[in-house]
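A.B. asks: Below is a structure I'd like to ask you about.
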Amino acid sequence: MKTASLAFALLCPAALLAQQPHTVVLHAARILDVTAGKTLSPGEVLVEGNKIREAGTHVTHPAGAEVIDLGDTTLMPGLIDAHTHLFLHVGNEANQTVDEGVPERTLIAADAAKHDILAGFTAERDMGTEGAGCADVAVRNAINRGLIPGPRMRVSCNAIDITGGHEDNSGKNPEQHLLSNADRADSTDEILRTIREQRKQGADFVKMYETGRDSLHDGVFTSPYQYTQEQLAAAVAEAKRTGSRVAVHATAEPGTGYAVAAGVASVDHADFLSPETMKQMKEKGIFAVPTFAISEYFAEHAESPIATQRRRESEAFHAAEFKKQLAAGVPFAIGSDVGPFPHGTQAREMELMVKYGMSPADVLRADLINGAKLLDWENSIGQLKPGFFADVIAVPGDPIKDITALEHVQFVMKNGEVIKR
């Protein structure tokens, strides 16, 4: 049978051509060299199947290749958002997790994934379903199977939280016995059991709430810790056992310090870090993920002038601390906390990081190089390099000169497939 098939192929060159992967040449005015922090002119990427074969100012143009001329744009890797919530949408966050069932929320998450990829985000880390359990696994798997459009996903199922902690709804009319928006775990044994259950159900990593509720008074930012350093270290060890990692919601000391000492992968929000914590993050390569965009949105949509003022004060505090973290050499990744504000608009996060003192080139490196590392895909996404997945976007102008170009993504390719043009 194999001999007959080979003979047919030799007699019919068209059969051989049909077996070849689709080849595309992308051409634009510029291409982003992420590592060097500059753009080159012109820009071209040769895509073969789902991988990049060549990238630079000029590439091979194989016979029969499709050529897509994207004009006065910059070719660059697909964006990465390391802190998303596909299962949340604009509106009362606490109520939507109670009013909407998991099937409805899963459909909402699928729609959010579509908005994000059309905005150029080809990879994301979803930081908890907020009460929808491991429904994010189903969304990730549906994307991977081509059933719905969306980014490459790393998912965590529910976050892990103490009883009465940051996302626990038990304080809302206790007689109703409302569930937490996270998985409750109060002891080391409970933490390990929860991690194992989530991993079995398909979680890629572990998210834990380490601090909450936040308070800023007279310039002093505080937030009670939820887990001890020893408990976090046990979680990190358990995650490592199965090739996973731990990310924490942590805004202030001592919780941020406990998390870093325990060896977590990222400290998300990171409003306040002590000098020692910053030093350890630099030495260990632990990423801070500031999430400025959500804070700005909440300030702009606060329920009262007093609430707006408090939000603005918190924003200013975080921005000032961010400058200290930059000076201390803390490594950053980019995460927006999108969900409570509209999906597909989270490029604003990168604009705010530039506003608060980081150069556009460093912001792009934080998003693409560090983001790929944080998602454990540093050898396959985040750069336009031979052998990497063909996750390519095109933006008008030059993002090194004007970071707001990221708000206007004109072309999206993921895994070699054109999603938007």
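A.B. asks: Near K282, which aspartates and glutamates are there with a Cα under 19 Å away, not counting those fewer than 8 places off in the same chain?
C.D. replies: Within the straight-line cut-off, K282 pairs with E253, D268, D271, E321, D362, D367, D376, E378.
A.B. asks: Can you list residues from other chains, or at least 5 along the same chain, whose modelled amide H is less than 5 Å from the amide H of H269?
C.D. replies: V289, T291
A.B. asks: Give me the percent relative contact order of the chain, please, defined on Cα pairs under 8 angstrom at least 6 residues apart.
C.D. replies: Once divided by the residue count of the chain, the mean separation gives 19 percent.
A.B. asks: Please work out the Kirkwood hydrodynamic radius for the chain, using every pair of different C-alpha atoms, and report it in angstroms with one decimal place.
C.D. replies: 22.3 Å
A.B. asks: What is the Cα centroid distance between the range 176-208 and the range 223-302, reported in whole angstrom?
C.D. replies: 17 Å
A.B. asks: Pop out the ³J(HN,Hα) list for the range 186-198 in order, Karplus 6.51 cos²θ - 1.76 cosθ + 1.60 with θ = phi - 60°, rounded to Hz; leave Gly and Pro as x.
C.D. replies: Values, residue by residue: 9, 10, 4, 4, 5, 4, 4, 4, 5, 4, 5, 5, 5 Hz.
A.B. asks: Which of F121, F221, F341 moves most in a GNM of the chain, Cα contacts under 10 Å?
C.D. replies: The residue with the greatest mean-square fluctuation here is F221.
A.B. asks: Which pairs in the list K240/K385; K38/K324; K279/K324; K373/K414; K284/K355; K114/K420 are over 20 Å apart, alpha-carbon to alpha-carbon?
C.D. replies: Exceeds cut-off: K240/K385; K38/K324; K284/K355.
A.B. asks: Using the per-residue mean of other Cβ atoms lying within 10 Å as a proxy for protection, in what order, highest first, do the peptides 256-267, 316-327, 344-355, 81-92 fall?
C.D. replies: In descending order of packing, they fall as 256-267, 81-92, 344-355, 316-327.
A.B. asks: So which residue, out of A203, A328, A237, gets the largest mean-square fluctuation from a GNM of the chain using Cα contacts under 10 Å as springs?
C.D. replies: Per the Cα network of the chain with a 10 Å cutoff, A328 tops the list.
A.B. asks: Once Rh for the range 275-379 is found with the Kirkwood sum over Cα pairs, what is the Stokes-Einstein diffusion coefficient at 37 °C and 0.692 mPa s, in µm²/s?
C.D. replies: Taking Rh from Cα pairs, D becomes 227 µm²/s.
A.B. asks: Output ³J(HN,Hα) for the range 355-365: one whole-Hz value per residue in order, computed from phi by the Karplus curve 6.51 cos²θ - 1.76 cosθ + 1.60 with θ = phi - 60°, and x for Gly and Pro.
C.D. replies: Karplus-based 3J(HN,Hα) across the range 355-365 equals 4, 8, x, 8, 6, x, 4, 5, 4, 5, 5 Hz.
A.B. asks: May I pose another question? Over the range 26-75, calculate the relative contact order: mean separation of alpha carbon pairs under 8 Å at least 6 apart, over the residue count, as a percent.
C.D. replies: Answer for the range 26-75 is 45 percent.
Just so you know, all these numbers are worked out from the coordinates, no wet-lab data involved. Here the structure is a predicted model, which is why all the values come from computation and not from measurement. Cβ sites come from the backbone with ideal geometry, for glycine too, and all protein chains shown count toward neighbours.
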